[in-house]
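A.B. asks: Got a structure here, written out as structure tokens. Questions coming.
The values are calculated or read from the model by the stated rules, or taken from the named source; none is laboratory data. Computed from a predicted model, the values in this text were never measured in an experiment. Here the Cβ positions follow ideal geometry from the backbone for every residue, glycine too, while neighbour counts run over all protein chains shown. Note: accessible area is taken over every heavy atom of the protein model, side chains too, but ligands, DNA and RNA are not part of it. Shrake-Rupley method; radii C 1.70, N 1.55, O 1.52, S 1.80 Å.
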Amino acid sequence: MDSSETSKLMTAKLKKGFFISLEGIEGTGKTTQARLLSERLIEEGYEVILTQEPGGTVIGNRIREILLHVDHREMSYMAELLLYNAARAQHLSEKILPALNQGKVVITDRFTDSTVAYQGYGRGIDIQLIMSINDIATEGIKPHLTILFDLDVETGLQRNKGINKVDRLELEDIEFHKKVREGYLKIAEAETGRIKIVDASLSFEIVAQKVWEIVRWRLEK
Ligand code: TMP
């Protein structure tokens with residue numbers, strides 16, 4: 001089976017609800033955009049669950065603390081990959097799937113593309129291996145729609161400094177974040193049906209408008 005057939009099969013498993021993931025490097029404003037999108041969908045009468053990775057559940061948040069703690073710099077790349085996916089397996093079974101089965105719209109701030117971009121393109125772990133592990137954690141479930149907020153790395157890291165947010169991944173050097181951004185663009189190029197790119201350098205109102213146009217178009221389809 002080629003990757004587009006696999007992807008069709010996986011999306012077909014999600015008969016109800018609508019699953020959106022938001023992706024991007026640090027400082028793109030995607031967390032604000034997730035909130036704005038959720039508010040807009042609620043205004044339009046949708047039932048919405050807004051969540052994030054790593055996290056979204058009590059167990060997931062504990063794993064998040066381990067993953068992002070600045071004291072854990074000795075964490076091996078494989079431990080990191082498996083912990084992101086452990087949090088994801090819990091997130092999927094406890095929160096995402098039940099909400100989708102109830103016909104809700106689920107918006108997650110990061111999902112499997114983050115692992116391919118950060119652990120794959122950033123850390124250099126084999127991409128096929130990551131995709132296999134992601135598939136185990138997600139039971140092959142993929143978002144119906146992914147919005148990739150694209151921004152140059154310098155601007156992103158600068159914006160994040162402004163809000164005093166530092167975690168273990170953000171301590172990586174600029175070259176790491178550049179590889180992650182390039183990785184995201186390659187992932188998007190390979191899956192143009194699912195992933196739509198939005199220029200995150202624009203004002204947050206314009207970005208929100210663009211996001212809404214994409215989501216509305218996709219929900220009407
Ligand atoms: P954030 O939720 O504040 O964006 O922080 C999560 C950090 O974890 C961010 O630096 C991206 C990173 N990350 C990965 O490296 N791999 C993953 O699979 C996920 C979900 C996040």
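A.B. asks: Return the Rg/Rh value of the stretch 154-220, two decimal places, where both radii are evaluated on C-alpha atoms and Rh is the Kirkwood radius.
C.D. replies: Expressed as Rg/Rh, it is 1.03.
A.B. asks: Still on this structure, please answer the following. Could you please state how large a percent of the accessible area of the chain is carbon and sulfur, counting protein chains only and using a 1.4 Å probe?
C.D. replies: The C+S portion of the solvent-accessible surface of the chain is 53 percent.
A.B. asks: Something else now. What residues have an amide H closer than 5 Å to that of Gln52, excluding those fewer than 5 places away on the same chain, when H is modeled at 1.01 Å from N in the peptide plane?
C.D. replies: It is Asp109, by chain and number.
A.B. asks: Treating each Cα of the stretch 3-220 as an identical point scatterer and ignoring solvent, apply the Debye formula and state log10 I(q)/I(0) at q = 0.08 Å⁻¹.
C.D. replies: -0.25
A.B. asks: Could you list which residues have their amide H under 5 Å from that of Ser21, counting only those 5 or more apart in sequence or on another chain, with H placed in the peptide plane?
C.D. replies: When sequence neighbours closer than 5 places are left aside, the close amide H contacts are Thr108, Leu145, Thr146, Ile147.
A.B. asks: I would also like to ask the following. Tabulate in residue order the Karplus-calculated ³J(HN,Hα) for the stretch 34-51, using 6.51 cos²θ - 1.76 cosθ + 1.60 with θ = phi - 60°, rounded to whole Hz; enter x for Gly and Pro.
C.D. replies: Values, residue by residue: 4, 5, 4, 5, 4, 4, 5, 5, 5, 4, 7, x, 7, 8, 10, 10, 10, 9 Hz.
A.B. asks: Once fully extended, how much extra length lies between Glu139 and Ala79, figured as 0.36 nm per residue of separation less the alpha-carbon to alpha-carbon distance?
C.D. replies: 19.6 nm
A.B. asks: HN-Hα J couplings of the stretch 67-73 from phi, Karplus 6.51/-1.76/1.60, θ = phi - 60°, integer Hz, Gly and Pro as x?
C.D. replies: My calculation for the stretch 67-73 gives 5, 9, 4, 5, 6, 8, 6 Hz in order.
A.B. asks: Whole number in Å², please: accessible area per residue of the stretch 39-109, 1.4 Å probe, ligands, DNA and RNA not counted.
C.D. replies: 51
A.B. asks: Taking the simple approach of a point 7 Å from Cα along Cα-to-Cβ for both Phe176 and Asp71, what is their distance in nm?
C.D. replies: 1.9
A.B. asks: Using θ = phi - 60° and the Karplus relation 6.51 cos²θ - 1.76 cosθ + 1.60, list the HN-Hα couplings for the stretch 135-143 in order, rounded to whole Hz, with x at every Gly or Pro.
C.D. replies: 5, 5, 5, 9, 6, x, 6, 10, x
A.B. asks: Next question, about the same structure. Going by a ≥ b ≥ c, the root eigenvalues of the Cα gyration tensor, does the stretch 15-63 fall in the rounded group (a/c under 1.5), the prolate group (a/b larger than b/c) or the oblate group?
C.D. replies: Oblate, because a/c is 1.5 or more while a/b does not exceed b/c.
A.B. asks: Return a single number: how many Lys pairs in the stretch 134-221, at a sequence separation of 8 or more or on separate chains, have alpha-carbon atoms below 22 angstrom apart.
C.D. replies: The number of close lysine pairs in the stretch 134-221 is 15.
A.B. asks: If the chain between Met131 and Arg168 were fully stretched, how many nm would it gain, using 0.36 nm times the residue separation less the Cα-Cα distance?
C.D. replies: Between Met131 and Arg168, full extension yields 11.0 nm more.
A.B. asks: Another question, then. Check Val198: other-chain or 5+ apart residues with amide H under 5 Å from its amide H, H built from backbone geometry?
C.D. replies: Counting only residues 5 or more places away or on other chains, the set is Leu148, Phe149, Asp150.
A.B. asks: So if we plug the beta-carbon distance of Arg218 and Leu185 into 1/(1 + (r/R0)^6) with R0 = 25 Å, what FRET efficiency do we get, rounded to 0.05?
C.D. replies: 0.75
A.B. asks: If I take every Cα pair under 8 Å that is 6 or more residues apart in the chain, average their sequence separation and divide by the length, what percent do I get for the relative contact order?
C.D. replies: Over the chain, the number comes to 31 percent.
A.B. asks: Continuing with this model, one more query. Scan the stretch 25-103 for trypsin sites (Lys or Arg not before Pro) in coil per DSSP, keeping those whose Cβ has at most 11 other Cβ atoms within 10 Å, and list them by number.
C.D. replies: Sites meeting the loop and neighbour criteria: Arg73.
A.B. asks: Another question, if that's okay. Taking loop as defined by DSSP and a crowding limit of 16 other beta carbons within 10 Å, which GluC sites (Glu not before Pro) in the stretch 82-155 fit?
C.D. replies: Answer in residue order: Glu139.
A.B. asks: Continuing with the same structure: Quick one: what does P(r) look like for the stretch 32-121 with 10 Å bins over all Cα pairs, in whole %?
C.D. replies: 16, 43, 30, 10, 1
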